[in-house]
1. Looking at the stretch 216-233, which of its residues are within 16 Å of ligand 2 (Cβ to nearest atom) and either in a loop (DSSP other than H, G, I, E, B) or more than 22 Å from Ser272 (Cβ to Cβ) (or both)?
2. Go through the stretch 187-210 and count every residue that is within 14 Å of ligand 1 (Cβ to nearest atom), farther than 19 Å from Ile75 by Cα and part of a loop (DSSP other than H, G, I, E, B).
3. Just checking, how many residues over the stretch 356-372 are assigned to a loop (DSSP other than H, G, I, E, B), over 20 Å from Gly285 (Cβ atoms) and not charged (D, E, K, R)?
4. In the stretch 245-264, what residues are more than 12 Å from Ile204 (Cα to Cα), of a type outside the set (D, E, K, R) and either in a loop (DSSP other than H, G, I, E, B) or out of contact with any Leu (no Cβ under 8 Å at 6 or more places or on another chain) (or both)?
5. Among the residues in the stretch 296-315, are any within 18 Å of Gly279 (Cα to Cα), in contact with a Leu (Cβ under 7 Å, 6 or more places away or on another chain) and among the aromatic types (Phe, Trp, Tyr)?
6. List the number of the failed condition for Ala120; all other conditions in (1) surrounded by 22 or more Cβ atoms within 10 Å (Cβ to Cβ); (2) closer than 17 Å to Asn66 by Cβ; (3) among the aliphatic types (A, V, I, L, M) hold.
7. Here is a list of conditions, (1) under 15 Å from the mean Cα position of the chain (by Cα); (2) crowded, with 18+ Cβ neighbours inside 10 Å; (3) away from ligand 2 (no atom under 16 Å from the Cβ), and His248 meets all of them except one; can you say which number that is?
8. Step by step: first the residues of the stretch 368-390, then only those that are in contact with an Asp or Glu (Cβ under 6 Å, 6 or more places away or on another chain) and under 12 Å from Leu417 (Cβ atoms), then the one that is modelled with the highest pLDDT. Which residue is that?
Amino acid sequence: MLRLFLLISLTCLVRSDAAETCPSFTRLSFHSAVVGTGLQVRLMLYTKRNQTCAQIINSTTLGNLNVTKKTTFIIHGFRPTGSAPVWMGDLVEALLSAEHMNVVVVDWNRGATTVIYTHAANKTKKVAIILKEFIDQMLAEGASLDNIYMIGVSLGAHISGFVGEMYDGQLGRITGLDPAGPLFNGRPPQDRLDPSDAQFVDVIHSDTDALGYKEPLGNIDFYPNGGLDQPGCPQTIFGGIKYFKCDHQRSVYLYLASLREDCEITAYPCDSYRDYRNGKCTSCGTPEQSCPVLGYYADNWKDYLKQKDPPMTKAFFDTAEKEPFCMYHYFVDIISWNKNIRRGSITIKLRDRDGNTTESKIDHEPATFQKYHQVSLLARFNQDLDKVATISLVFSTGSVIGPKYKLRILRIRLRSLVHPERPQLCRYDLVLMENVQTVFKPILCPKLQM
Ligand SMILES: [Ca+2]
Ligand SMILES: [Ca+2]
């Protein structure tokens, strides 16, 4: 009995102790969202010394914050139900495991929680002013603006922009994760995030037809799956609450995936999603110039991207519907020799020596095959098979009735864009019968062939 009593007391002690020393993100009820909340900004610091237990800091107490290290601020957006962002803990953990840094969660849930979006949006400049006061104190303690990084989600992206503008763009970096569109669309640069707000600004746009911002806002703007809608997200209201936020939130999950070491999400600089799908974006993926990657490591391309005039690049790519999201891009170069022009699409399947297979239906606009001309088709696979043993091709003109056509191929070549250093695979003199699978073993292409 005494032991039981002791155990209960001990448990209570531990619990109350944890509650006192480990502050958590403000959690509010839907009732608060209905009545609205006044602005309150709490700064929660996580470092290697306190990875799971936050310290509340402010301009008079910097706690464990080491001013000689990088400091990453995470700024959330509109909270229409008062709940805490579900991804916050994962993002803090992933950042701390990527680099020895200070992570500051900017909790402005009191302020962001309201059912009226305009009320939350109207508080963004005030949040920025409060953050500036804090950063000024960090600078007074010896921190450098170069080492300040802000990750802003939705309204948080514009807050980051406002802070950056107050420092004349001298902040190290801002990452905007689906910056908010409503009330910000079409606004001048001083009223939204823009490339002059930091030394490097990278943006992921994942819901440009609803909650996100469509136009480019950074030095590089990533448009996953074209930016409008994301695979795996409900496309109708019957998908429940997910229908409203899944596309918007995907930007955060893509960024998170970049911090996990499963695979890199490669993006292709391009004028439009359509051109990307049609294989027209070939400026990278060569041994001389690698393609930019999305997320935490995007700043490795900073110097290259900032050389451009204006220093803004749009980049497109497709993703899988769930983690780790990456797809492996290849170019399939085909030189045909049919006397007449053929239009059609190709399905390509790779099999490796262990029998693993991966398939890509090249489902953009039908390609036009013209005698002795090379057509470059973009193929996207879910798996990256290194040791390809056989390739299967199916040619289709898409017509169900009428004559069956043949595609006469002089040379087909497969080259990886993610690993341009890998040997290219070739095959010569093939005839594809429409809708019939042709399987062959590729050979290594002769070197120095373009
Ligand atoms: Ca701005
Ligand atoms: Ca959408």
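The values are calculated or read from the model by the stated rules, or taken from the named source; none is laboratory data. Just so it is clear, the structure is predicted and the values come from calculations on it, not from any experiment. We place every Cβ from the backbone using ideal geometry, glycine too, and count neighbours over all the protein chains shown.
1. Just the residues of the stretch 216-233 that are within 16 Å of ligand 2 (Cβ to nearest atom), to begin with: 222-233.
Result: Asn225, Gly226, Gly227, Leu228, Asp229, Gln230, Pro231, Gly232, Cys233.
2. The total comes to 2.
3. Here the count works out to 4.
4. Matches in the stretch 245-264: Cys246, Ala257, Cys263.
5. For the stretch 296-315, residues within 18 Å of Gly279 (Cα to Cα), in contact with a Leu (Cβ under 7 Å, 6 or more places away or on another chain) and among the aromatic types (Phe, Trp, Tyr): absent.
6. Condition not satisfied by Ala120: (2).
7. (3)
8. Top of the filtered list is Arg380.
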